1. Compute the relative contact order of the chain as a whole-number percentage, counting only Cα pairs closer than 8 Å that sit 6 or more residues apart in sequence.
2. With a 1.4 Å probe and all protein chains kept in place, how much accessible area does ARG54 have, in Å² rounded to the nearest 10?
3. Counting only helical runs of four or more DSSP H residues, what would the 222 nm mean residue ellipticity of the chain come to if each run contributes -39,500 (n - 2.57) and the total is spread over all its residues?
4. From the phi angles alone, apply the Karplus equation (6.51, -1.76, 1.60; θ = phi - 60°) to the range 36-43 and give each ³J(HN,Hα) in whole Hz, x where the residue is Gly or Pro.
5. Compute a Gaussian network model of the chain, connecting alpha carbons closer than 10 Å, and tell me which residue from PHE166, PHE191, PHE88 fluctuates the most.
6. Given the range 117-227, report the % of alpha carbon pairs whose separation exceeds 21 Å.
7. So what J values fall out for the range 77-94 if you push phi through Karplus, 6.51 cos²θ - 1.76 cosθ + 1.60 with θ = phi - 60°, rounded to Hz, Gly and Pro as x?
8. Counting alpha carbon pairs within less than 8 Å and at least 6 residues apart, what relative contact order, in whole percent, applies to the range 2-115?
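The values are calculated or read from the model by the stated rules, or taken from the named source; none is laboratory data. The shown structure was predicted, so the numbers you read here are calculated from the model rather than taken from an experiment. Cβ: placed from backbone, ideal geometry, glycine included. Neighbour counts: every protein chain shown. Calculation scope for accessible area: heavy atoms of the full protein, side chains included, ligands and nucleic acids excluded. Shrake-Rupley method; radii C 1.70, N 1.55, O 1.52, S 1.80 Å.
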Amino acid sequence: MNLLAFDFDKTITISDIILPLCRYFSRQIKSSNTFFIIQIYYIIYRFGLISSKRFKETTIKHLLKNKSTEEIENLVTEFYKLNLEKLFNPEIINLISEQHNAGNKIIIVTSNLDLFIRPVMKLLPVDEVFGTRVKVINGNVVGMIEGENCSGRLKVEAIKQYTPKFQFDRIISYGDSPGDFEMLKFSDQSFIAEYKFDSLLSKLACRIKYLCGRICRDGFKVVFKKF
């Protein structure tokens, strides 16, 4: 039996999901100003003026604080169901299904918020999700992160936490960014996503769509190469 460990954003999906999900969430709770605030903080984060953790805690504070995990899970599940075909990479979805049917274990190891990723387990045959943990007390979000971002060495620690439960022949991992490199190096076999855009204009168009909270499917192809 093998263990397959997948990053989520731009590995299982063909786009980062934070801004599209926040846009959808903001509309459902009828608070367009919330998404605007998150957009501003995202830009500040991308310019390196705040950390990834600070950006995520700002998102939690303005979008999730004082909401129940049940309400969040329901809204996130709706988002994935509505965007399943255009958001998820069909090559990876088929791989996950094939490997699950072959009796292998599938886990997601992501720096994204765990509350945003766990609902995927309702849609895909995933055995466990490890993500950046949102602090929850009595079933309600309190507005902060527990611990650090699940990135770099913490991804390796997540795998080490899971592996003693089973006898694995090999660990195979998939990722797309430097935050996945330690996990990819740790694994017996690993693959990294390469996004090949048709042109610089296509790349710019996708980035603008993402900033506006939209999912870009056109103007590029995704190739997984051995790491």
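1. Details: 380 pairs, mean separation 60.7, N = 227.
Relative CO of the chain lands at 27 percent.
2. 120 Å²
3. Values: 10 runs with 96 residues, N = 227.
Mean residue ellipticity, 222 nm, calculated: -12000 deg cm²/dmol.
4. Result, rounded to whole Hz: 4, 4, 5, 4, 4, 5, 5, 4.
5. In this elastic network of the chain, the residue with the biggest mean-square fluctuation among PHE166, PHE191, PHE88 is PHE166.
6. On the way: 3441 of 6105 pairs.
Value for the range 117-227 (Cα pairs over 21 Å): 56 percent.
7. 4, 4, 4, 5, 5, 5, 10, 4, 6, 8, 9, 8, 6, x, 4, 6, 4, 5
8. Values: 87 pairs, mean separation 56.9, N = 114.
For the range 2-115, the relative contact order is 50 percent.
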